[in-house]
Amino acid sequence: MLELSAGALLKPDAARQTNPLVLAFIGDTVFDLYVRTSLALQGKGNAGALHRQSIELVNARAQAHLARSVFENLAGDEKDIFMRGRNAKSATVPKNMSVADYRQATALEAVLGYLYLTGRTGKIEEILKEALDADHPIEG
């Protein structure tokens, strides 16, 4: 059974060897959970209102904007994962998003998945805090 409070689930070398689309698969959920939790704890409405607010942030366009704003603050290994995620060939692209935005979002999600699997939750929080920072709002 997987123990989520165990810290690192993979050693960095093993996480770097993981397919970037698999990292993005995990990172997408990490991003979604962080946004939904943050909104819920701020007490900004009922479940329907929270859902509407979350979909403004949890989409490829908003994630691409965040990816561009945080890229320079990533460490070397994180930038490598970002580039692998951005260059990964996905079988699908959302119909209302550009391919460029989708690839940037996938890159960010891959980094989040990598950080989560290696137990670097402080860095995840640092990156995602900007997503809800009033001084740097994500445009959807």
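Among the GluC sites (Glu not before Pro) in region 1-110, those located in a DSSP loop and surrounded by at most 13 other Cβ atoms within 10 Å of their own Cβ are E3.
Calculated accessible area for the chain comes out at 57 Å² per residue, all protein chains present (probe 1.4 Å; ligands, DNA, RNA ignored). When the chain is treated as a Gaussian network with alpha carbon springs shorter than 10 Å, the biggest mean-square fluctuation among V111, V99, V35 belongs to V99. In the chain, the calculated helix contribution to ellipticity at 222 nm averages -20500 deg cm²/dmol per residue, counting -39,500 (n - 2.57) for every DSSP H run with n ≥ 4. Couplings 3J(HN,Hα) of region 51-64, computed from phi: 4, 4, 5, 5, 6, 6, 9, 9, 7, 4, 5, 5, 5, 5 Hz, in residue order, whole Hz [Karplus 6.51 cos²θ - 1.76 cosθ + 1.60, θ = phi - 60°; x for Gly and Pro]. Here the relative contact order of region 21-140, from alpha carbon pairs under 8 Å that lie six or more residues apart, stands at 41 percent. Normalised by residue count, region 1-90 yields a Cα convex hull volume of 146 Å³ per residue. Of the chymotrypsin sites (Phe, Trp or Tyr not before Pro) found in region 4-55, no site is in coil according to DSSP while having at most 11 other Cβ atoms within 10 Å of its Cβ. Each residue of region 103-115 was assigned a 3J(HN,Hα) from its phi angle through the Karplus curve 6.51 cos²θ - 1.76 cosθ + 1.60 (θ = phi - 60°); the sequence is 5, 5, 4, 4, 4, 4, 4, 5, 5, 4, x, 4, 5 Hz, with glycine and proline shown as x.
Accessible area of the chain with a 1.4 Å probe: how many percent of it is carbon plus sulfur? Carbon-and-sulfur percentage of accessible area, whole number: 55. Restriction of the trypsin sites (Lys or Arg not before Pro) in region 61-113 to DSSP coil positions whose beta-carbon has at most 11 other beta-carbons within 10 angstrom yields K89, K95.
For K89, the lysines whose Cα comes closer than 19 Å to its Cα, not counting residues fewer than 8 places off in the same chain, are K79.
The values are calculated or read from the model by the stated rules, or taken from the named source; none is laboratory data. Everything numeric in this text was worked out from a predicted model, so none of it was measured. Note that each Cβ is placed from the backbone with ideal geometry, even for glycine, and that neighbours are counted across all protein chains shown. Remember, those area values only see protein heavy atoms, side chains included, never the ligands or the DNA or RNA. Shrake-Rupley method; radii C 1.70, N 1.55, O 1.52, S 1.80 Å.
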